[in-house]
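The values are calculated or read from the model by the stated rules, or taken from the named source; none is laboratory data. Because the structure is predicted, anything quoted here is derived from the model rather than measured. Here the Cβ is made from the backbone with ideal geometry for all residues, glycine too, and neighbour counts use every protein chain on show. Note: areas computed on protein heavy atoms with side chains; ligands, DNA, RNA excluded. Shrake-Rupley method; radii C 1.70, N 1.55, O 1.52, S 1.80 Å.
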Amino acid sequence: MTDDTTTSRRDFVKGVATGAIGGALAGMGLYSYTGSAYDRLAKVTRQQQDFGAVRSVKVTAISETSWFNNAHLMEDIKKAGGLLVDQYTIGWGPFGNGKGVGKGSYEEGVANIKKMLPNDLEEAWAVQEKLSLHPDNPGGFSTLIEVEDLDGSKHKYLLDTGWSYKWMDQSFKREGIDQMLRSGEIEALILTHEHFDHYWGLPATMKYNNKLPMYIHNGFYKEGLQYIKDSGYKGEPVKVDKEMTVIRPGMMLVKFDVPIICRVFGETSLAFNVKDKGLVLVSGCNHQGILQMTSTAFQKLKYDNDRFYGIYGGLHISPFEDWDPKYDDLVISLGKWKFEKVGCNHCTGHLTAKKFVERGYPVVRGTARFRTSSPDYLGNGDTLTF
Amino acid sequence: MEADNRGVSYLESRKLVKRWDGPWPAVANFLMIFAIFYVTWWIFQDPRGIMRMYTPYVGYMICRWLLIMFIWLAYILDFWPFKRSWLNKTHPVVKGAILTAACVLVMELLIEGFFKGILGQYGIAYFSPSRLHAMGLTEFYAEEYATEAIMMFAAIASWLAPSWVVACENAPWQKLDQPARGITIIVVTFFIGTIVYFVTMHSHMAILFYPWQQYTAITPPYWEKFANTVSGNFHIAWIMCCTVTVWVYESIWQRYPFNLIKTDWLRRTTAFFGIIAVALCMCFFLFYVQDLAWGLNIRGTRRDMAPDWRWLHVGESAIFWLVGVLALSFYGGNWPNKFSRPVNVFLRTLLSMAIGAAVYFLYYRYAHLILGTQKGLSHPQQFPMIPMIWLINIFLVNMWFMDGWPGWKAVPKTSAELEEVEETIVAHDVTWTPGLAKGLAVGAVAGAVVYFGVISILPWLGHIQMIR
C-alpha cells in the first residue's frame, strides 16, 4: 500500500466523520421544524367511546373558596420553601403540630385529633387552631353534582370535600349536604386529587356518612391513604387506575397522571354527555390543564352533536392570582372549543375570568355570597344547570 | 508580581495528570463530586432541606449566576485578581473554597446590588421583589418574578460570555492585560446580553402583568406564530442550545472544524455564528423529537403537550447532553484520543450523547426519590436544569479551581504541549484533498440517512412508558 493511498484513505475517513455530523445537523436544522416534517406526523385518530348520555347535570358550588387570604397562603408556602414542598409538612391544619412553618408532619398532626374524628369536628379543629398556621385561612372546594338520567331519575354525587372542618361543616349545613349524606341520597364521594383544599376536609363528609363509595386517584401518597382510615372511613376506596371509568351512563371519570404542586400526583375529572347538547366537563382543579382535558375528550369520548357544551370547576390557571405567558396561550386557545357555558371558579383565578370575558367567552357570573369575594364567576351557593 | 498576563491563560498553562493509574482518579472524583452535590443540594436547594431555595426560581437564578461567575473568573478574567503564583502553590481544596467563596460574594453583589438594587429601584420595576410586592403581588410571586428576570440574564450570559473567549478568541482585546481584557469582555458581552434580553425575554416579563405592558414591550411577542406560544421559553430553548454548543465546541470538538480556518477574523466570525447555527439545528430537532415521540403539541395545555414546555424541554435536554460532554471531557480524558481529530470528535459526540441520554433517563426515573422533587415529566414548578447546572458547577469548581483534586494534579505544560494549544486554536491536521472531499460527501449522505432513520423510529419509541 502506498503512502498516497494511506493518506487518501485517512482523509476519506476524516471526511466521513466530519460529513456525518454535518449531514445530520443539516437534516436537523433544515427539515425538523418545517411543514414537510410535520406532514409526517400521524393524524389524530378519534377512538370515541360511547358512554351513554344524561338528560341534564346540575352543579352547586358548596364551597369554591379554598382559602380566604391569598397573601397568608403564599406567605406560608414561601416560608416553607416554595411550591415543591410536601403539603403535609407546611404546618397547616389539620396537620399542624405546633412546630412552625415547614416543620409539620402528618403523623404528629393527626395524632392530636385522631380520636375526635369524624364526629367531634369542632373540637378537632379547635385543637388545630392552636397548632397550625393561619388557622382562619382554610376554606375548601366541594361541589354537589345532580345528574338526571334519560328516564328522569336523579342521582347525587359529592365532588371533593374541602379543607377546614369548621368551614366545610358550615357549608354542608348551608346547602343541606349533611342531610343528603345521612340519608344516603349522595351516592358517592369523588376525590379529584389529594390537595389540602379538596381533600383534607374528609372528616366533614365522614361525620355524616362514613360508608359511602369513594373514588380516589391511584397516585395518592401514603399519608393520604392513611388519612382515609384516620378520618373514620369504613369502606374501601376505589383507587382509579384506568384512564376512563364509567360512573354511570353518560358520566365518565377521566384520570390524568400529572405531577402537581405541593407534592401531589394525579387528578381525575368528570365528563358528561348531555343529551342533545354535548359534552360537559366538571373538574376539581384541572391540574392537567383544561385543554388537555378537552383534547383527551375529543379523541376518546363520543358525545352528542360532537360539541363541547360547558365547563364547571377550577381550571387551575391563576389560583394565587399569579401569571405566566403560557396561561395566555390557554386563554387564547380555549376559544376554539366554543364552549357555550363557562362555569369556572376556585383556582381559575379572577384575573383569568377577566381575561376570558375580554375575549368574549360565555363566563357565567355569580352572586358573590357566603364569602366569595367577587361576582366574576360562580361562587359559594351558586348553581348552574347544563 | 509574577507575570499574570503571559499570553497563555492559567487553564491552558497547566496539564492535569492523574495521581493514580486506571479508573481510580475518576472514581475518586465522582464519589467526591456526588457527595458534595448531595450535601450542598440538601443545604441550599432541596425542598425538604435547610434553605429550600428551589422555590423554584430563587434556586434557579442562583445556580445559573454561579455558573456565570465561574466562567467570568476562570475563562474571562483568567483568575484575576488572584495571582498566578498563588494559583500554582495553593492547595486545591483551599483554592477551591476561596475561589468559590469569591464567586458567591460577587454574585450576591450583582444580584442584590445591580439587579434588585440599581435596575429594580431605578429602571425596571420587575427586577425588584420589594417594588412588585408593594404594588400588590404576594411576596412569594414578587420574589419569583424578579428572580425569573434576573435568571434569564444569566441564561443569555451563559452563552455569550464563553462564546467570546472560545469562538472570538477574546478579539479584539486579546492583547490587553488583565483585568482590562476581562473587564472589557464582561462589559461588552453584558451589553450584548442586555440587547438579547430585551428582544427575547422582556416581552415574556411584560406579559406577566395585567394588562399586557404594551407601551414598554412588544405584546403579543413577535415569535408567537412561529413558536406557537407567547412564552419566552422559545428563546430559552435556542439560547441553552447555544450554551451547550459552545462547550461542545470547546471541549470534545477541540474547536473543530472552524479552527481549520486560517484567517483570524473569518475563523472567529464563523465560529461565533457557526455555534449559533449548530445550536439552532439542535433546537429545532429536539423540539421535533418531542412532537414525534409524544404527539403534536397542543397550544394552551399545561404540561408535556404544551409548546412552551416543549421549548423549555429542548433546553433541558441539551443540558443533559452538556453533563455528558463535560463528564467525558473532564473525567474521561476526552476519550478517545488515538484517532485523527475528526474521528475523535465524531466518536466523542456519540459517546457524550449516550451519557447524556443515560443521565436523562436516570433523572426522570429516580430524581424524585433523591432530590425532593416530584415524580413525573413535566411538573410546572420543576426544572431539571437546576440540579444539572448545580452538578456542572461542581464539575467546574473541581476542574477549574481545584485542578481536578483528588484524582488529578496540575503540572506546568512543556513547550511542546503549549504548541498543541496553538494547534487547537488554528489546526493544521486536516487539509483539503480529493479523499477528504469524497469522505465529506459520503459522510453527509450517511448523516442525513441516520437523521431520517431516527425520526422514522421516534414515533414508536415514544410509546415506551419508561421514557414518558
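If only Cα atoms are counted, what is the Rg of the protein assembly as shown, and what is its Dmax, in Å?
29.5, 99
Test of understanding: express the Cα radius of gyration of the stretch B:277-318 as a ratio to 2.2 N^0.38 Å, with N the residue count.
Scaled against compact globular proteins, the figure is 1.09.
Take chain A, connect every pair of alpha-carbon atoms lying under 10 Å apart with a spring to form a Gaussian network, then pick out the residue of A:G366, A:G23, A:G278 with the largest mean-square fluctuation.
Its mean-square fluctuation being the largest, the pick is A:G23.
Which one, B:S203, B:T90, A:V57, is farthest towards the positive end of the dipole of the protein assembly as shown when Lys and Arg carry +1 and Asp and Glu -1 on their Cβ?
B:T90
Among A:W163, A:T192, A:G140, flag the residue with its Cα farthest along the positive direction of the charge dipole of chain A, charges on Cβ as +1 for Lys/Arg and -1 for Asp/Glu.
About the Cα centre, the residue reaching furthest to the positive side is A:T192.
Let me cross-check A:M244: its accessible surface, 1.4 Å probe, with only protein heavy atoms counted, in Å² to the nearest 10?
30
Can you pull the accessible area of B:H428 for me, 1.4 Å probe, Å² to the nearest 10?
Probe radius 1.4 Å; accessible area of B:H428 about 110 Å².
How high is the FRET efficiency from A:L30 to B:A97, r the C-beta distance, R0 51 Å, rounded to 0.05?
My answer for the efficiency is 0.60.
After finding the eigenvalues of the alpha carbon gyration tensor for the stretch A:199-277, what semi-axes result from the square roots of 5 times each, listed largest first in whole Å?
24, 18, 11
R0 = 22 Å: FRET efficiency of A:S153 with A:D276, Cβ-based, nearest 0.05?
0.75
Per DSSP H run of n ≥ 4, the term is -39500 (n - 2.57); total these for the protein assembly as shown, divide by its residue number, and report the mean residue ellipticity at 222 nm rounded to 500 deg cm²/dmol. Each step should come with its number before you reach the end.
Working: 30 runs with 401 residues, N = 854.
That calculation yields -15000 deg cm²/dmol at 222 nm.
Quick one: what are the phi-derived ³J(HN,Hα) couplings along the stretch B:127-136, Karplus 6.51/-1.76/1.60 with θ = phi - 60°, whole Hz, x for glycine and proline?
7, 10, x, 5, 5, 5, 5, 5, 8, x
Could you list the residues of the stretch B:93-118 with an amide nitrogen less than 12 Å from a label point located 7 Å from the Cα of B:M51 in the Cα-to-C-beta direction?
Flagged as within label range: B:101, B:104-105, B:107-108.
With a ≥ b ≥ c taken as the square roots of the eigenvalues of the C-alpha gyration tensor of chain A, please select rounded if a/c is under 1.5 and otherwise prolate if a/b is larger than b/c or oblate if it is not?
prolate
What nm distance separates the two modelled labels at B:V8 and A:K58, each placed 7 Å from Cα along Cα→Cβ?
In this crude spin-label approximation the distance works out to 8.7 nm.
Nearest 20 debye, what's the magnitude of the dipole of the stretch A:212-313 about its Cα centre given +1 on Lys and Arg Cβ and -1 on Asp and Glu Cβ? Show your work: numbers first, answer last.
Working: 13 positive and 10 negative charges, 30 e Å.
In debye, rounded to 20, the stretch A:212-313 gives about 140.
For the stretch A:68-137, what mean projected area does the convex hull of the alpha carbons give, in nm²?
Hull-based average projected area comes out at 4.3 nm².
How large is the dipole of chain A about the Cα centre if only Lys and Arg carry +1 and Asp and Glu carry -1, each at its Cβ, rounded to the nearest 20 debye?
Details: 46 positive and 47 negative charges, 93 e Å.
Taking the Cα centre of chain A as origin, the dipole is about 440 debye.
Karplus couplings for the stretch B:100-117 from phi (6.51 cos²θ - 1.76 cosθ + 1.60, θ = phi - 60°), rounded to Hz, Gly and Pro as x?
5, 4, 4, 5, 4, 4, 5, 4, 4, 4, 5, 5, 6, x, 6, 5, 6, x
Could you order B:R299, B:R19, A:R10 by accessible surface area, starting with the largest, using a probe radius of 1.4 Å?
A:R10, B:R19, B:R299
What shape does the stretch A:1-99 have by the C-alpha gyration tensor, where a ≥ b ≥ c are the square roots of the eigenvalues, rounded means a/c under 1.5, and otherwise prolate means a/b greater than b/c and oblate the rest?
Oblate is the answer for the stretch A:1-99, as a/c is 1.5 or above yet b/c matches or exceeds a/b.
Could you work out the relative contact order of the stretch A:175-288? I mean the mean sequence separation of Cα pairs under 8 Å and 6+ apart, divided by the number of residues, in percent.
Worked out over the stretch A:175-288, it gives 23 percent.
Checking understanding here: applying a Kyte-Doolittle mean of at least 0.0 and a length along the axis of at least 30 Å (C-alpha), which whole DSSP H helices in chain A pass?
Working: long enough: A:3-30 (39 Å, 0.11).
In chain A, the long hydrophobic H runs are A:3-30.
Taking only C-alpha pairs under 8 Å that are 6+ residues apart, what is the relative contact order of the stretch B:250-363 in percent?
Once normalised by length, the contact order is 29 percent.
Please enumerate, by chain and number, the aspartates and glutamates with C-alpha under 20 Å from the C-alpha of A:K115, excluding those fewer than 8 residues away in the same chain.
Cross-link targets: A:E107, A:E123, A:E129, A:D169, A:E223, A:D230.
Can you compute the charge dipole magnitude of the stretch B:163-265 about its Cα centre, using +1 on each Lys and Arg Cβ and -1 on each Asp and Glu Cβ, nothing else charged? Give it in debye, rounded to the nearest 20.
The dipole magnitude comes to about 80 debye.
Give me the lysines in straight-line cross-link reach of A:K277: C-alpha distance below 19 Å, same-chain residues under 8 apart excluded.
Within the straight-line limit of under 19 Å, A:K277 reaches these lysines: A:K58, A:K154, A:K300, A:K302, A:K336, A:K338, A:K341.
Two decimals is fine: what is log10 I(q)/I(0) at q = 0.15, 0.20, 0.26 Å⁻¹ for the stretch A:254-297, from a Debye sum with one equal scatterer on every Cα and no solvent?
Evaluating at q = 0.15, 0.20, 0.26 Å⁻¹ gives log10 I(q)/I(0) of -0.38, -0.61, -0.90.
If you add up the charges near A:E129, with Lys and Arg at +1 and Asp and Glu at -1, over every other residue whose beta carbon is less than 11 angstrom from its beta carbon, what do you get? Intermediate values should be presented prior to the final figure.
Values: positive: A:K130, A:K166; negative: A:E122, A:E123, A:D136.
Summing Lys and Arg as +1 and Asp and Glu as -1 gives -1.
For chain A, set up a Gaussian network in which alpha carbons nearer than 10 Å are linked by springs, and say which option among A:T45, A:T372, A:T205 fluctuates the most.
A:T45
For A:H134, A:H217, what's the largest-to-smallest order of accessible area, 1.4 Å probe?
A:H134, A:H217
To the nearest 0.05, what FRET efficiency results for B:L296 and B:A180 with a Förster distance of 56 Å applied to their C-beta separation? Walk me through the numbers on the way to the answer.
Values: r = 52 Å, r/R0 = 0.94.
Plugging the Cβ-Cβ distance into 1/(1 + (r/R0)^6) gives 0.60.
Check A:I247: other-chain or 5+ apart residues with amide H under 5 Å from its amide H, H built from backbone geometry?
Correct list: A:M252, A:L253.
How far, in nm, would the chain grow between B:E422 and B:L109 when pulled straight, counting 0.36 nm per residue and subtracting the alpha carbon separation? List each step's numbers first, then the result.
On the way: separation 313, 0.36 × 313 = 112.68 nm, distance 3.65 nm.
Using 0.36 nm per residue and subtracting the Cα-Cα distance, I get 109.0 nm.
How far apart, in nm, are the 7 Å Cα→Cβ label points at A:Y221 and B:W42?
Using points 7 Å along Cα→Cβ, the separation is 1.9 nm.
Measuring with a 1.4 Å probe in the full set of protein chains, what accessible area per residue, in whole Å², belongs to the stretch A:177-250?
Averaged over the residues of the stretch A:177-250, the accessible area is 37 Å².
Which of A:S231, A:V364, A:G219 sits closest to the plus end of the dipole of chain A, meaning its Cα is farthest towards the positive end, when Lys and Arg get +1 and Asp and Glu get -1 on the C-beta?
Of the listed residues, the answer is A:V364.
Starting from the alpha-carbon convex hull of chain B, give the projected area averaged over all orientations, in nm². Each step should come with its number before you reach the end.
On the way: hull surface 92.4 nm².
Mean orientational projected area (chain B, Cα hull): 23.1 nm².
Which of A:R46, A:R55, A:R248 moves the most in a Gaussian network model of chain A with Cα springs under 10 Å?
Between A:R46, A:R55, A:R248, it is A:R46 that shows the largest mean-square fluctuation.
With a 1.4 Å probe and all protein chains kept in place, how much accessible area does B:W335 have, in Å² rounded to the nearest 10?
150
Once neighbouring chains are kept in place and the probe is 1.4 Å, which whole percent of the accessible area of the protein assembly as shown is contributed by carbon and sulfur?
On the way: 19790 of 32340 Å².
Its accessible area is 61 percent carbon and sulfur atoms.
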